[in-house]
Amino acid sequence: MAVYTLAITGASGAIYGLTLLEQLAAADHEISLVVSSDGATVVREETGVDWSGAPAAVQRKLDRRYGGRVTWWEPTNFYAPIASGSHLTDGMIIAPCSMKTAAAVAHGLSAGLIERAADVTLKERRPLIVVPRETPFSSIHLENLLALSRAGAHVVPAMPAFYHHPKSIDDLVGFVVGRVLDHLGVPQTLVPRWGEDRAPGRPHGR
């Protein structure tokens with residue numbers, strides 16, 4: 001069992017964060033979950049999942065669904081263990097990652113728990129994966145993502161491929177989430193790997 005921090009921010013694409021949460025919990029990993037206020041709104045609008053209410057009430061919802069593997073932290077709670085490098089984790093994922101959050105992390109502006117936890121992850125040299133969901137990128141966005149990459153973060157944009165012949169939205173989401181899990185070193189079967197579904201010697205069609 002590994003320990004991960006998962007943050008969901010206010011970019012469109014809440015399904016990426018929710019699918020990742022499902023995958024990590026199903027694999028019996030322990031997850032600290034932080035959702036920004038805008039992120040909670042997007043989750044509700046895009047998926048119907050409602051995490052509003054007092055923290056204890058939200059925790060009970062998570063316990064019922066995930067069997068105690070997920071711990072809910074308010075985005076303003078700097079007393080959360082994940083705000084300190086002394087709390088050992090196996091990595092952090094921000095999915096989806098808004099451009100506001102990317103900018104704050106890239107420039108060390110820890111105004112909330114999400115940015116602070118990401119800052120801690122970087123300074124402790126632990127894996128930080130950001131999943132930006134924005135299009136098109138401005139030069140400012142690209143420079144902030146480059147700064148994150150230079151600081152050691154893995155930038156995994158929400159850009160699904162099509163070589164696996166997706167048949168549904170779940171297939172497209174699964175491709176991106178599968179790549180995130182690959183970067184965490186977590187086994188996954190969400191999407192076939194390039195060439196695995198082809199007989200030896202069969203051309204790839206390119």
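The values are calculated or read from the model by the stated rules, or taken from the named source; none is laboratory data. Bear in mind the structure is a predicted one, so any value in this text is a computation, not a measurement. No Cβ is skipped: glycine too gets one built from the backbone with ideal geometry, and neighbour counts run over all protein chains shown.
Restricting attention to the stretch 174-191, and to residues there that are in contact with a Phe, Trp or Tyr (Cβ under 9 Å, 6 or more places away or on another chain) and in a loop (DSSP other than H, G, I, E, B), which single residue is modelled with the lowest pLDDT?
V191
Across the stretch 134-168, what is the number of residues that are in contact (Cβ under 8 Å) with a residue 12 or more places away in the chain, among the β-branched types (V, I, T) and within 19 Å of G17 (Cβ to Cβ)?
2
Among all residue pairs at least 6 apart or on different chains, which show Cβ distances below 9 Å where the first residue, located in the stretch 32-46, is among the polar types (S, T, N, Q) and the second is at pLDDT below 95 and part of a helix (DSSP H, G or I)?
As it stands, the answer is none, since no pair meets every condition given.
Of the conditions (1) closer than 18 Å to A11 by Cα; (2) of a type in the set (G, A, S); (3) in a helix (DSSP H, G or I), A95 satisfies every one except a single condition; which number is it?
(3)
List every residue pair whose Cβ atoms sit under 7 Å apart, with the two residues 6 or more apart in sequence or on different chains, where the first one lies in the stretch 86-111 and is without any contact (Cβ under 8 Å) to a residue 40 or more places away in the chain and over 25 Å from M1 (Cβ atoms) and the second, anywhere, is basic (K, R) and in a helix (DSSP H, G or I).
Once the first residue is without any contact (Cβ under 8 Å) to a residue 40 or more places away in the chain and over 25 Å from M1 (Cβ atoms) and sits in the stretch 86-111, its partners that are basic (K, R) and in a helix (DSSP H, G or I) give S110/R116.
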